[in-house]
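The values are calculated or read from the model by the stated rules, or taken from the named source; none is laboratory data. Just so you know, these numbers come straight off a predicted model, no measurement behind them. Don't worry about glycine lacking a Cβ; one is built from the backbone with ideal geometry, like all the others, and counts go over all protein chains shown. Just so you know, the surface numbers come from the protein's heavy atoms only, side chains and all, with ligands and any DNA or RNA stripped out. Shrake-Rupley method; radii C 1.70, N 1.55, O 1.52, S 1.80 Å.
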Amino acid sequence: VSPAVVNGFEISVTAPAHAASGEEVEIQVAYANKTAADLDDLVLRVAYPPAFVFSSVSVDPDINDSVWNIGGLKKGSSDTLVIKGRFTVAGAGTFAVSVARSAGLVKYPIAARTASVDVTDAPLAVSIDVNDTPDYVAHLGDTLAYTLAYTMDGLKMPRGGLTMTADLLSPLFDIATVVPVDG
């Protein structure tokens, strides 16, 4: 991705061109002060696509998962944020990044950049239902029947077949009553 230069402040956003829904992606936001002066009171903001689920970032944000108070950036200095997350559905997703300079309550934009990701359906998708209901709410004492289902778009079945396993990770499960059912 080519950088955008506005008033000597450079910002670039690097994202994969393509991703599958559910796949973790990494977005890099690089910024540099290429002006002849030190800059202060800088704020970087990232707007995520609606289908993007944020998971982590290399530098803790100051507000939610989307605003960093960079503060001062000396001339010739640069830095990079690495954001990780995944898309929940197929479609196009655009990340919008902007840097502004604060003067009290007023923010003056100095640079902006976007990057788009084309998200496709995952070739292997797994769904889990409890008691034949995707949004079942369990209560103490309920008998739970889990159904694990999958679809494989464009993938070939492995020679030995497909094996699915699940771990029950709660002290509330009565493991002695677990009965696997082939279907």
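Remarks
- Scanning the stretch 23-55 for residues that are of a type outside the set (Val, Ile, Thr) and in contact with an Asp or Glu (Cβ under 9 Å, 6 or more places away or on another chain) gives Ala30, Tyr31, Ala32, Asn33, Lys34, Tyr48, Phe54, Ser55.
- In this structure, Lys156 does not satisfy being touching a residue at least 24 places away in the same chain (Cβ under 8 Å) and either open to solvent by 90 Å² or more (accessible area, probe 1.4 Å) or under 30 Å from Val43 (Cβ atoms) (or both).
- Condition check for Thr143 on (1) open to solvent by 80 Å² or more (accessible area, probe 1.4 Å); (2) of a type in the set (S, T, N, Q); (3) not in a loop (DSSP other than H, G, I, E, B): one failure, at (3).
- Taken together, the residues in the stretch 22-64 that are of a type in the set (D, E, K, R), over 30 Å from Ser127 (Cα atoms) and in contact (Cβ under 8 Å) with a residue 12 or more places away in the chain amount to 5.
- Just so you know, in the stretch 147-163 the residues that are β-branched (Val, Ile, Thr) and not in a loop (DSSP other than H, G, I, E, B) include one that is modelled with the lowest pLDDT, and it is Thr151.
- Among residues of the stretch 119-136 that are touching a residue at least 60 places away in the same chain (Cβ under 8 Å), those with a beta-carbon under 6 Å from a residue that is surrounded by 13 or more Cβ atoms within 10 Å (Cβ to Cβ) and not in a strand (DSSP E or B) at least six positions away or on a different chain give the pairs Val119/Ser21; Val119/Ala90; Thr120/Ala90; Asp121/Ser21; Asp121/Ala90; Ala122/Ser21; Ala122/Gly22.
- Subset of the stretch 128-148 (residues that are farther than 19 Å from Val178 by Cβ and of a type outside the set (Asp, Glu)): Thr133, Pro134, Val137
- In the set (1) more than 29 Å from Phe9 (Cβ to Cβ); (2) in contact with a strand residue (DSSP E or B) (Cβ under 7 Å, 6 or more places away or on another chain); (3) of a type in the set (Val, Ile, Thr), Thr163 fails one condition alone, (2).
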